[in-house]
Amino acid sequence: MDSQTIVDAVILGIVEGLTEFIPVSSTGHILLLGHFLGFESTGKTFEVLIQLGAILAILSVYFARLWNLALSLPSDPTSRRFVAGILLAFLPAAVVGVLLHSFIKDVLFHTPALICSTLLIGGIILLWIDRLPLKPRYTNVMDYPLSLCLKIGLFQCLAMVPGVSRSGATIAGSLLMGTDKRSAAEFSFFLAMPTMVGAFTYDLYKNRDVLSVDDAKLIAIGFVMSFFAGVFVVRGLLDFVSKHGFAPFAWWRIAVGLAGFAGLYFLG
């Protein structure tokens, strides 16, 4: 494992943490950046497994709230409904992810032109949604009905295509179905926990026989960098979204998609 590979792992880990919870597609970013850096991981496991660092970032920032939620479960029906809603929203992606795992990893993860396209199209859609005169009916994630949670979970399945963005799909779906911007982003935070833990566990199981010690070291480096960058984003994202909406992320997606196409044309 040479020094350049380590530097690449550091860069990709930081990018993962910075982009995981904003609607720009962390997977699309690190796959596209990895393509131009010449970074190759065994079975594309690095790109999936370092997401656990971002999950720990949520847990560290939301620990007190999660702890209070766990304590209230036996006695508070609102807490039980919220947890049931998160699990219900997680199920569609879990089923689709298992059924299409090989196709996603072996085909979609190796198609940078597709990633550029989905980044670009997703940015245009997000910009359109951000400008709609929507009137929110739900402003508190604890009050989301189970039917709404399931529908958001179905939207999350779109993110199986790299470049779509897990948070982008769930936030866009939430907004179109009557939530406000802040609670849509917060629900996406909570839904990320079972989703990414499930993706981490399943991908590690599928690749347990091919990972080497060097792979583990690179994953550890990316994991740590993803954690610290993720903490930075989680702490400030909700306030940023409340003030500025999602248009800045939409323009970023469009810019990255166009830059990606230019890079593919000139660099291959």
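Inspect region 210-218 for any residue being buried (at least 19 other Cβ atoms within 10 Å of the Cβ), more than 28 Å from Leu146 (Cα to Cα) and of a type in the set (A, V, I, L, M, F, W, C) and give the result as yes or no.
Step one: list which residues in region 210-218 are buried (at least 19 other Cβ atoms within 10 Å of the Cβ), which gives 218.
Checking the rest, the ones that are also more than 28 Å from Leu146 (Cα to Cα) come to 218.
Subset that is of a type in the set (A, V, I, L, M, F, W, C): 218.
There is at least one residue in region 210-218 that is buried (at least 19 other Cβ atoms within 10 Å of the Cβ), more than 28 Å from Leu146 (Cα to Cα) and of a type in the set (A, V, I, L, M, F, W, C).
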**Message:** Just checking, does region 30-40 include any residue being crowded, with 18+ Cβ neighbours inside 10 Å, outside any helix (DSSP H, G or I) and either charged (D, E, K, R) or in contact (Cβ under 8 Å) with a residue 60 or more places away in the chain (or both)?
**Reply:** no
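Count, please, the residues in region 75-94 that happen to be outside any helix (DSSP H, G or I) and in contact with a Leu (Cβ under 9 Å, 6 or more places away or on another chain).
1
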Among the residues that make up region 158-178, is at least one of them assigned to a strand (DSSP E or B) and either touching a Gly at 6+ places or on another chain (Cβ under 8 Å) or not small (Gly, Ala, Ser) (or both)? no
Of Leu267, Leu218, Leu175, Leu191, the only residue that is farther than 30 Å from Val98 by Cα and in contact with a helix residue (DSSP H, G or I) (Cβ under 7 Å, 6 or more places away or on another chain) is Leu267
Within region 180-190, of all residues that are closer than 20 Å to Leu134 by Cβ and within 12 Å of the chain's Cα centre (by Cα), the one surrounded by the most Cβ atoms within 10 Å (Cβ to Cβ) is Ser188
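Coordinate-derived values only; no laboratory data. For clarity, every value in this text was computed on a predicted model and none was experimentally measured. Cβ sites come from the backbone with ideal geometry, for glycine too, and all protein chains shown count toward neighbours.
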